[in-house]
1. Averaged across orientations, what area in nm² does the convex hull of the alpha carbons in region 177-254 project?
2. For labels at residue 217 and residue 76 in the simple 7 Å Cα→Cβ model, what's the distance in nm?
3. Could you compute how fast region 138-179 diffuses translationally, taking Rh as the Kirkwood radius over C-alpha pairs and applying Stokes-Einstein at 20 °C with viscosity 1.002 mPa s? Give it in µm² per second.
4. Over region 161-248, what is the relative contact order in whole percent, taking alpha-carbon pairs under 8 Å and six or more residues apart?
5. Extension gain residue 33-residue 232, at 0.36 nm per residue separation less the Cα-Cα distance, in nm?
6. Hey, any idea what Rg/Rh is for region 98-141, computing Rh the Kirkwood way over Cα pairs?
7. Report relative contact order for region 118-176 in percent, whole number only (criteria: Cα-Cα under 8 Å, sequence separation at least 6).
8. If the chain between residue 182 and residue 123 were fully stretched, how many nm would it gain, using 0.36 nm times the residue separation less the Cα-Cα distance?
């Protein structure tokens with residue numbers, strides 16, 4: 001195997017950001033086509049960060065569906081990748097769409113298990129993971145997948161729902177209010193705003209914070225969730241199209 005070590009500063013704009021990288025080791029001639037071992041349906045069974053393993057955030061059964069060099073999650077393309085099986089360990093770089101960034105990593109396939117170790121740091125000085133152990137490596141995240149025979153017909157089946165709204169109890173108003181809609185979330189896109197008093201979530205009266213939060217969490221991906229709100233003394237209904245919990249949150253990539 002021919003390997004080269006490149007020491008230089010590279011500015012990558014593939015993800016819409018400038019990324020300065022220093023010394024990197026890569027294969028001299030990466031293959032043009034993705035390795036045949038990667039396409040298929042992969043269920044994420046665990047994540048590991050700084051030596052501690054945990055279940056995927058949000059529960060459920062998050063899955064990657066790999067087609068060619070594209071990664072799909074919840075029916076949507078979330079990333080593309082380049083991979084080189086000729087290196088040791090095998091190199092994989094994940095170019096994510098939302099948020100736009102590149103995670104440098106490595107991968108290994110053992111029978112029906114796929115391990116992907118990624119550096120969650122995408123800017124400034126960073127090192128590509130060199131092993132599938134994250135202890136004492138605060139920037140590394142290890143993802144462990146198991147191959148499934150086929151992807152479910154409903155791409156969102158088993159995935160955690162995501163509305164993207166933070167609720168809190170306002171003691172002055174004696175009401176549940178929107179603390180903030182998360183940037184780029186379904187709630188923000190629908191028009192929920194900070195300070196909106198929540199009267200109902202779906203058919204459930206927002207009598208207290210716990211009840212309102214439970215009603216939001218009960219929503220299913222792909223459904224419409226109505227928020228009856230009071231904004232500046234005027235009642236209105238805002239409909240949020242519920243999505244799936246973003247994969248970078250599920251996987252702990254930040």
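1. Details: hull surface 21.2 nm².
Convex hull of Cα atoms, orientation-averaged projection: 5.3 nm².
2. Between residue 217 and residue 76, the label points sit 2.3 nm apart.
3. For the chosen part, D equals 142 µm²/s.
4. It comes to 30 percent, rounded to a whole number.
5. Computed gain between residue 33 and residue 232 is 66.0 nm.
6. Reported Rg/Rh, Kirkwood definition of Rh: 1.01.
7. Relative CO of region 118-176 lands at 22 percent.
8. 19.0 nm
Just so you know, all these numbers are worked out from the coordinates, no wet-lab data involved. Small disclaimer: the values here were computed from a predicted structure and weren't measured. Neighbour counts are summed over all protein chains in view; Cβ atoms, including those assigned to glycine, are modelled from backbone coordinates with ideal geometry.
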